[in-house]
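The values are calculated or read from the model by the stated rules, or taken from the named source; none is laboratory data. Computed from a predicted structure; not experimentally measured. Cβ placement follows ideal geometry from the backbone for every residue including glycine, while neighbour counts extend to all protein chains displayed.
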Amino acid sequence: MKFTGLWKHPDFMKLWTGQTLSMFGAQITTLALPLIAALMLEVNAVQMGLLTAIGYLPYILFSLFVGVWVDQLRRRPIMILTDVIRGIGLLVIPYAAWEGFLTFELLCTISFIVGTASVFFDIAYMSYLPSIVKTEELVEGNSKLEFSNSASQISGQAIGGALVQILSAPLAILINGVTFFISAFTLIIIKRKEDKPELPEDKEDNNVFQNIRDGLKFVFGNTILSRITIATGLFNLFGLAMEAIYILYVTRELDLSPFVLGLIFTMSGVGAMAGAAIAGKVAEKLSLGKTLVLSLALAGVFYLLVPVSSLFPATLAIITLMAAQFIDAAMIVIYNINQRSLRTAITPDHLQGRMNASLRFIIFGSIPVGAMLGGILGDAIGTQWTLVIGAAGMLLSAGVILTSSVAKLDKIPEAPAAAAEQAS
């Protein structure tokens, strides 16, 4: 068998391997953490929304500052340190459960610490990828990483559901802690030397707030980046309103077990793998702009199946949820691979950190709001109607792209300088 493309890129393969393992562990935690809250700590809908919101709160508090630092520092050391911090943070959960002092407050504290470390890692990670692969390899690189994420959803959440059922949710989270340490090791052994980012002479300003303003100005002065930011932020706002109470809906309204829930989430992985495999081809066939619009629209439409599932017999309800997870995940992955590759390609290297930070600030900043909104609505009008509102709201994001010049893009532009000029 002859390997081609990034398969022959040793440093990318190390990065990919480490991320694949940590993604696997993270999927276990995605299932186990809310189950600890719901089943062990018996939280209500508002508390569940609060727990989800706290995990994403650091993106509001720190993203813009982290973006400035990432543009001025080597990115790989940041990733290594934050992997270690995340690993240690998650190991506290099984220890606390074993010793009998695991509380909702402690769970929220750990979620905040791990979320803070993730802000540093994610922004450094997205800014680091273009330094080890070529522009024309970005779609392939993002597709491979997204494929791993999808595969981890299949195995991670299915096995995670079984581990929670057989062992316990805290012990399942132990695995995720270990995978972060392995990820840190794979980053350490990357051989390619990373140079410290060089700022243009007229941009060597150490004023943090001026640098933040430059990043925001670049993003919102660029039509492509601004529309992607708004659309993705809206999608996350309503998507997290649903996610915050999804576990409560399926465990209390549908009375599904953790094992069945793991199987349902497995379909997200299958759909995401399918999306990762065809993301580039779909954009080539339909055009980049149409792909972005249709993927967001279809994700919203098919997620309406989730609240409808309560009207069906148990077996049909499970099948319906699995179908919704499959389509929704496939569309989200197709959208994400193409929009990430697009925004990376049109951004100069010295602005990568601030561009990613600005987007993360807006996009992930909407997540705590959505999570709290979902919790409050779930408590006020019930989980089923909250899911209906969330799915309908997700459709709005497609309209943001549809009504802009982004919808007319045929392919990814090749000149970052042109994007910079649009922002000036």
Report task. Could you please give the count of residues in segment 97-131 that are farther than 22 Å from GLN27 by Cβ and in contact (Cβ under 8 Å) with a residue 24 or more places away in the chain? Result -> 7
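Yes/no per residue for (1) free of Cβ contacts under 8 Å to residues at least 24 places away in the same chain; (2) closer than 18 Å to LEU50 by Cα; (3) not in a helix (DSSP H, G or I):
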residue: ARG354; (1), (2), (3): no, no, no
residue: PHE361; (1), (2), (3): no, no, no
residue: ILE367; (1), (2), (3): no, yes, no
residue: MET372; (1), (2), (3): no, yes, no
residue: ALA380; (1), (2), (3): yes, yes, no
residue: ALA392; (1), (2), (3): no, no, no
residue: SER397; (1), (2), (3): no, no, no
Report summary line: Looking across segment 108-132 at residues that are touching a Phe, Trp or Tyr at 6+ places or on another chain (Cβ under 7 Å) and over 27 Å from THR266 (Cα atoms), the single one that is modelled with the highest pLDDT is THR116
Query raised in the report: Restricting to segment 41-78, what's the tally of residues that are of a type in the set (S, T, N, Q) and either surrounded by fewer than 24 Cβ atoms within 10 Å (Cβ to Cβ) or touching a strand residue (DSSP E or B) at 6+ places or on another chain (Cβ under 7 Å) (or both)?
Result: 3
Report summary line: Considering segment 133-150, residues that are closer than 13 Å to LEU342 by Cα and in contact with an Asp or Glu (Cβ under 9 Å, 6 or more places away or on another chain), and then whichever is modelled with the lowest pLDDT, we arrive at THR135
Query raised in the report: Hey, which of the helices (runs of 4 or more DSSP H) in segment 265-349, taking only ones fully inside, have at least 1 residues that are crowded, with 18+ Cβ neighbours inside 10 Å, among the hydroxyl-bearing types (Ser, Thr, Tyr) and over 19 Å from the mean Cα position of the chain (by Cα)?
Result: 288-303, 314-345
Requested in this report: Can you give me the number of residues within segment 1-52 that are of a type outside the set (S, T, N, Q), farther than 18 Å from ILE132 by Cα, outside any helix (DSSP H, G or I) and modelled with pLDDT of 75 or more?
Outcome: 3
Requested in this report: Could you list all residues from segment 100-141 that are farther than 13 Å from LEU57 by Cα, among the polar types (S, T, N, Q) and surrounded by fewer than 22 Cβ atoms within 10 Å (Cβ to Cβ)?
Outcome: THR103, SER131, THR135
Query - Among the residues listed as ILE334, ILE363, the single one being farther than 17 Å from ASP214 by Cα, modelled with pLDDT under 90 and either touching a Ser or Thr at 6+ places or on another chain (Cβ under 8 Å) or polar (S, T, N, Q) (or both) - result: ILE363
**Report entry** Criterion: within 29 Å of LYS144 (Cβ to Cβ), in a helix (DSSP H, G or I) and in contact with a Ser or Thr (Cβ under 6 Å, 6 or more places away or on another chain) - qualifying residue of GLY67, GLY55
**Finding:** GLY55
Report task. Find the residue count for segment 363-409, including only residues that are buried (at least 21 other Cβ atoms within 10 Å of the Cβ) and of a type outside the set (Gly, Ala, Ser). Result -> 13
**Report entry** Given (1) at pLDDT 85 or above; (2) within 24 Å of the chain's Cα centre (by Cα), number of the condition ILE189 does not satisfy
**Finding:** (2)
Query raised in the report: Does segment 350-362 hold any residues that are crowded, with 24+ Cβ neighbours inside 10 Å and more than 16 Å from the chain's Cα centre (by Cα), and which are they?
Result: LEU351, GLN352, GLY353, ARG354, MET355
